[in-house]
């Protein structure tokens with residue numbers, strides 16, 4: 001009963017997506033199965049930390065990465081925080097738990113040249129798919145939006161007159177992002193072609209396939225990967241790398257960290273600060289080339 005109540009809490013009060021709620025529930029169910037097999041109890045409500053530690057050891061033995069284990073423990077922690085808040089338990093067994101160490105993944109952004117090369121390659125696109133793909137790439141780089149945010153964009157979210165885009169981010173949080181003139185120009189050209197489609201099924205969505213149905217995340221990934229394979233030799237070529245490039249290039253040009261945070265839709269500065277290592281490298285380069293006492 002408590003797991004079902006927790007699932008409702010994630011959706012109704014925390015505004016988590018259905019996908020996130022399902023992931024949390026699966027983690028709790030896996031832990032519950034372990035507890036049943038090891039301790040012959042069907043309740044995970046009143047559990048001590050040693051029992052959780054045994055599950056962690058079990059997951060390590062199963063070959064799960066530290067990152068995956070940390071995510072599962074994070075689900076457990078959220079569950080026990082919920083039980084504590086609803087006064088179903090008196091203490092969170094994970095209150096003193098420390099996450100397993102993980103290797104930091106360094107995301108290498110696309111260079112400005114790589115992005116410009118791809119946009120120029122699509123410059124002459126006049127057909128529907130060509131214009132759509134160009135707009136997708138330009139929007140990613142001009143706004144820094146997430147892949148799921150782009151897929152969910154509606155026609156009503158675009159305000160051409162005021163050159164703004166309304167984005168629904170995580171936990172249904174709204175933010176408004178300004179659109180640069182070149183993106184507005186591509187957007188207007190795309191909308192003309194969109195209106196000429198023979199069939200439009202998902203009328204409210206901005207981005208559609210040729211069959212008139214809304215685009216999907218794997219298609220967007222494929223578009224980015226295919227086009228950037230022309231201009232970049234990077235192993236990872238994804239929408240997230242363009243988002244990473246957006247933030248890094250803004251910071252390199254002196255943008256305020258708080259402003260970048262708002263544009264990205266981050267809830268805290270800590271999430272935005274992961275992008276600063278590249279801008280610091282750029283600052284070092286500028287410093288080395290310009291300071292009078294720097295060795296050139």
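Based on Cα contacts under 8 Å between residues 6+ apart, the chain shows a relative contact order of 15 percent. Only Cα sites of the range 10-49 enter the Debye sum here, all with the same form factor; the resulting log10 I(q)/I(0) across q = 0.21, 0.25, 0.31, 0.35 1/Å is -0.69, -0.80, -0.95, -1.09, listed in q order. May I ask you to compute the full-extension gain from residue 57 to residue 103, defined as 0.36 nm times their residue separation minus their alpha-carbon distance, rounded to one decimal in nm? Taking 0.36 nm per residue and subtracting the Cα distance, the gain is 14.7 nm. Using only alpha-carbon positions in the range 2-85, the gyration tensor eigenvalues give semi-axes of 21, 15, 10 Å once each is multiplied by 5 and square-rooted (largest first).
The modelled label-to-label distance between residue 29 and residue 111, using points 7 Å beyond Cα along the C-beta direction, is 4.8 nm. How far is the Cα center of the range 110-189 from the Cα center of the range 1-75, in Å? Comparing the Cα centres of the range 110-189 and the range 1-75, I get a distance of 38 Å.
Taking only alpha carbon atoms, the range 45-93 gives an Rg to Rh ratio of 1.03, where Rh is the Kirkwood radius. Given R0 = 51 Å, the distance between the Cβ atoms of residue 124 and residue 171 translates into a calculated FRET efficiency of 0.80.
Using only Cα atoms, find the angle between the long axis of helix 49-61 and the longest principal axis of the chain, and express it within 0 to 90 degrees, rounded to the nearest 10. That works out to roughly 60 degrees.
When the inverse distances between all different Cα atoms of the chain are averaged and flipped, the Kirkwood radius reads 22.3 angstrom. In the chain, helices alone account for a calculated mean residue ellipticity at 222 nm of -18000 deg cm²/dmol, with every DSSP H run of four or more residues adding -39,500 (n - 2.57).
Measure nothing fancy, just the Cα-based angle from helix 276-290's long axis to the longest principal axis of the chain, in degrees from 0 to 90, nearest 10. Long axis of 276-290 versus the principal axis of the chain: about 50 degrees.
By the Kirkwood approach, averaging reciprocal distances over each pair of separate Cα atoms, the range 112-287 gets a hydrodynamic radius of 16.9 Å. A Förster radius of 22 Å, combined with the Cβ-Cβ distance separating residue 71 from residue 12, puts the computed FRET efficiency at roughly 0.45. The residue 40 and residue 222 beta-carbon pair, evaluated with R₀ = 51 Å, returns a calculated FRET efficiency of approximately 0.60.
Read-outs throughout are calculated quantities, based only on the coordinates presented, and are distinct from any laboratory measurement. Source: prediction; values computed, not measured. Cβ coordinates were reconstructed from backbone atoms using ideal geometry, including for glycine residues, and neighbour counts include every protein chain displayed.
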